[in-house]
1. Once you have the Cα-Cα distance between GLU237 and ARG204, take 0.36 nm times their residue separation minus that, and quote the gain in nm to one decimal.
2. Rounded if a/c is under 1.5, else prolate if a/b beats b/c, else oblate: with a ≥ b ≥ c from the C-alpha gyration tensor eigenvalues square-rooted, which is the stretch 203-247?
3. Tell me the angle of helix 201-213 to the major Cα principal axis of the chain, expressed in degrees between 0 and 90 and rounded to the nearest ten.
4. So how do ARG235, ARG267 line up by other beta-carbon neighbours within 10 Å, fewest first?
5. If the label point is 7 Å along Cα→Cβ of ALA197, which residues in the stretch 210-254 have backbone nitrogen under 19 Å from it?
6. Specify whether the C-alpha gyration tensor of the stretch 87-168 places it in the rounded, prolate or oblate class, a ≥ b ≥ c being the square roots of the eigenvalues: rounded for a/c under 1.5, otherwise prolate if a/b is larger than b/c and oblate if not.
7. Subtracting the Cα-Cα distance from 0.36 nm times the residue separation, let me have the gained length for LEU120 to GLU66 in nm, one decimal.
8. Below 13 angstrom from the Cβ of PHE91, what's the summed charge of the other residues (Lys, Arg +1; Asp, Glu -1)?
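Just so you know, all these numbers are worked out from the coordinates, no wet-lab data involved. Computed from a prediction, not measured in an experiment: that's the story for all the values here. Glycine gets a Cβ as well: all are built from the backbone with ideal geometry, and neighbour counts include every protein chain shown.
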Amino acid sequence: MRLYRTREEMRAAARVFRAQGAFVGLVPTMGYLHEGHMELVRRARAGCEKVVVSIFVNPTQFGPNEDFDAYPRDTERDLKLLSEAGVDTVFLPDVAELYPPGCETIVEAPTLSRILMGRLRPGHFRGVTTIVAKLFNIVRPDRAYFGEKDYQQLQIIRRMVQDLDFGIEIAGVPTMRERDGLAMSSRNVLLTPEDRAAAPVLNRALDEAEALARGRPDVAALRKQVKDRISAETRAEIRSVDLRDAETLAPLRGRLDRPAVILLAVRFGKVLLIDQRVVTPEGDHE
Ligand code: PAF
């Protein structure tokens, strides 16, 4: 496995892959890898001839009061996992390498970025699209892999790729879960033992909602059901529960008549957890 820290080296290596005619997959990460990331890597390995994984904790997607410094890091362990998984190349730049002095251009999908999680975390998705666009330009992969867990992020990146004609295929990979249903996330290690025990309520609420959604319920009633289920867990502090069109993320009203996504943002102590589920009413043949 090759490790590159500069854009120059990474670009040169990617050029060689292209010259070899290899189909290149990119898995962008912020490190502290868990099974969710490793599933992205496995998919990339299965679907691409060369796999590049980037590890970069991107400061521009953290707000001023957010946990950039507290974000967990363990590069040594990450590199061991990636090497064992058969990754060809790791791109491990530092902040000065990707944001040199004078760097000011941003990439943003303004409508999709400012709704839902974007309202709770102003500027977050602008940071994500900017760094992902930079990584796409440096590596120039044929396909890039993102988890469905960050559903809004995935839809925003799809939008950006389409709008800016990147010509890169975006592969969404289903959420990996712990045995008790908690969606895997690097933030889970920050939970206290009590909050960790309480957090699987999110998955239980989504399971129930998925079953209810088959019967084409009223959207408001379904949302209330999810909120009530989560609020029954006293350690959970709901920040948002949203039900949106699964593709456009537009709000829904009345009877559920199309695939929808339920998006959760819930605090446990200091840790904001997100989870999501696409639910489909029965009789929907889209
Ligand atoms: O999902 C993440 O880990 C990050 O938002 C990403 C896509 C690597 C950009 O920093």
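1. Result: 10.3 nm gained on full extension.
2. Working: a/c = 2.02, a/b = 1.58, b/c = 1.28.
Prolate is the answer for the stretch 203-247, as a/c is 1.5 or above and a/b outweighs b/c.
3. 70
4. ARG267, ARG235
5. Residues passing the 19 Å test: 230-237.
6. oblate
7. Numbers: separation 54, 0.36 × 54 = 19.44 nm, distance 1.13 nm.
The LEU120-GLU66 span can extend by a further 18.3 nm.
8. +1
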